[in-house]
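Coordinate-derived values only; no laboratory data. Quick caveat, the model's predicted, so the values are computed rather than measured. As a convention, Cβ positions derive from the backbone with ideal geometry for all residues, glycine included, and neighbour counts pool all protein chains shown.
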Ligand code: B3K
Ligand code: ZN
């Protein structure tokens, strides 16, 4: 029997809670299979509230229920599937509910569960209702006091939010700790951790002199790998003071790293819980990318203390209020710590790889969605990354000073409240005396706007006229779109490669200006333009749009060499490569041998040779657009042709620049002690980008170079880069390198994720068989989200050639694994389905097979609402 459609929750149905719970006292008696939770809630009816009280309560056994110390008679309450309702309650009372839960068998990893024997919690979005009956919604703020009791031997460390106010021993080898959090918070920010953990400690003194104890708790033996996370935390705290004037507000800040976690990390008040992957790192076991991710995620969770915790969301539709803003803040943090242009390039790559396809597919939704079946499905690239772009555009409109003025007003008005995206924009508008109503369309309208630019140069009149037209394609439920506010940063690059002065309607605008597009079609005339300039448009990616421009290759090559904005310069190369690859794909379709454009090859050569550009930037230019991005530019995606064209272009680049690539590579081989700083990371990135092109040349010499690097690398960045090339190009030494890696790291489950992922993403024909075999490896487990993502997730989302193999076996495999995982962990299962949602973009045979896989998922008995929502929306017309 098919699963019935779960109810749809709508923003338009929002009503404020009927009761307040100003105080919550929890006593948690920990036991692996039968934990007893007693919740004592001070409840007050809000004016005009209903007589009955309904609490959220899932997956628990109710042991006792009392109002003001008197047990509630059985006929006066109902305990259903997911709700506990009491027919009639007084105006103001104390409700005591005692329940039993089973952390050990909690495979969903929501609520209270165990990860390698450590008790931990995950409550966002709606996990608290699996710990205690509660009004589990973000606009109900309560002050918590938490007593934890546990076996002292297995759980020497007992943690919750706020301050430790008491601790001591109990009978039977047990002990207890009492934590009090002075800040009222929604239940989703509650956390509890108990286990046998080691920790490292440090201290940070805030600007106003508060000494904060910092602790990072890890499994024993991992203490030596937490140092970089600690440094990142201190840098985050200092940066938030300097750039945003925001200080930490308690005397203690704890981080706990656990191995089994549904996502990256969680910002619980003063007790952040992390996927260990984003805490633990050392040169031997982690790549430069891992270090950078640690810095940014440690920052992100810390920044939530103000944007998310002190000021939280009224309802889950407002999720981007905290996520978009906090992603913007973490992006700015990393940009300030490292290379700003390179960070921007990486963020845009990621936006295009994940958010653009989402916005163009069946799961497209606005930054503020207006309905959902399962909120966990809305922790998306749109809410996070596009949400951050929306904040970035506000920043572009108001400038740093105006933006910070808006932030100060936002904090002043709303500290301690649960608010909406409208409140945020209102603070920005009021602080700057601006009307941002038109701008707010970004929150409501899904889809990536396309801007088409036409230019006309009149040498006689010395004018340049641009006509700019915007159009947002229809998305599910939104057939008609309105124009949005697009801040388009631009410069005119003269024939000498310099920025020309900009004059519009007699007004001098310097050499870079931001045009505000608000209409379907607009034009603008630049004056005093004697010679035809090249257009440097959407500089720094000032708006998350697609740009259509009729632009010749010569102009692209010119901008690759001369654009003064590093982002735009990189972009010129990417767009050039993209045009070229699409042309090569077409000629493949005609049965011809694709030819690479010599002018492009030459332009890349210039960049490679340009020592005035930093290494990290050059590495970005050498990396061709991903296969997914190229596919996105095609009506019907042809994964094999894309792969062939891209490999052909890589080989042409390698052949043309062999000597220089080799010299650049050799010059950056060194035995210097590894440091995870941006400069060294940039050197490694360029070195490995050169190696990647060399490997494509197919010569025995380069193959040997790759093999040697895999064997002798003294750090994980170089080792993984080489192993990826061995598997990606099917080079000799691949099996030996993989075997040696396994032998070296088999005890380290975090490092083993890399070993799984590199094999899952190989374009070789036997990859699916290999993936199936790897699922039998003792290190693999369906109960561990990191393993599932490294193997099954990587195969489906990052291996276009093999996932989309012509016989459909990749699709069947994904359906089978999704269904199996859904029984254990619906949240992670639902996230696997995404790639099947792009069926409309494939040829008819694949299309039918992908639809069949989705239908198979949907036909599963007792499917979770997580998977139901994704699969049904992916199939909807
Ligand atoms: N707020 C959490 C994400 C929770 C996801 C729940 N399904 C991490 C973050 O964005 O900081
Ligand atoms: Zn976040």
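Observations on the structure shown:
- Remark: the residue 202-residue 700 segment gains 174.2 nm on full extension, using 0.36 nm per residue and subtracting the alpha carbon distance.
- Multiplying the residue separation of residue 68 and residue 463 by 0.36 nm and subtracting their alpha-carbon distance yields 134.2 nm.
- Protection proxy ranking, peptides 156-163, 519-526, 124-131, 20-27, average beta carbon neighbours within 10 Å, highest first: 124-131, 156-163, 20-27, 519-526
- A simple packing score, the average count of other Cβ atoms within 10 Å per residue, orders the peptides 346-357, 823-834 as 823-834, 346-357, with the highest score first.
- Three-way shape label, the range 746-877, alpha-carbon gyration tensor, a/c 1.5: oblate
- Computed from the C-beta positions of residue 769 and residue 660 and an R0 of 30 Å, the FRET efficiency is 0.15 to the nearest 0.05.
- Secondary-structure-derived ellipticity at 222 nm for the chain, considering helices only, amounts to -12000 deg cm²/dmol, per-run term -39500 (n - 2.57) for DSSP H runs with n ≥ 4.
- Spin-label pair residue 47/residue 671, simplified geometry with 7 Å Cα→Cβ offset, distance in nm: 7.8
- Residue 586-residue 845 FRET efficiency (beta carbon distance; Förster radius 30 Å; 0.05 resolution): 0.90
- Entry note, the chain: relative contact order of 9 percent, from Cα contacts under 8 Å with a spacing of 6+ residues.
- Convex hull volume per residue in cubic angstrom - Cα atoms of the range 450-543: 92
- Overall form of the range 326-435 per C-alpha gyration tensor (a/c, 1.5; a/b vs b/c): oblate
- Relative to one another, the C-alpha centroids of the range 200-256 and the range 655-675 are positioned 37 Å apart.
- Stretchable slack from residue 599 to residue 171, in nm (0.36 nm times residue separation minus alpha-carbon distance): 146.1 nm
- Prolate/oblate/rounded call for the range 185-343, Cα gyration tensor, a/c under 1.5 rounded: rounded
- Between residue 855 and residue 609, the modelled labels are 5.9 nm apart [label points 7 Å from Cα along Cα→Cβ].
- Distance between the pseudo-spin-label points of residue 644 and residue 743 (7 Å out from Cα toward the beta carbon): 3.9 nm.
- Share of pairwise Cα-Cα distances greater than 47 Å in the chain is 24 percent (whole percent).
- Taking the number of Cβ atoms within 10 Å of each Cβ as an exposure proxy, the fewest-first ranking of 636, 9, 86, 255 is 636, 9, 86, 255.
- Between residue 781 and residue 154, the C-beta separation translates, for a Förster distance of 22 Å, into a calculated FRET efficiency of about 0.55.
- Inter-part distance where the range 137-162 and the range 60-130 are each reduced to a Cα centre, Å: 15
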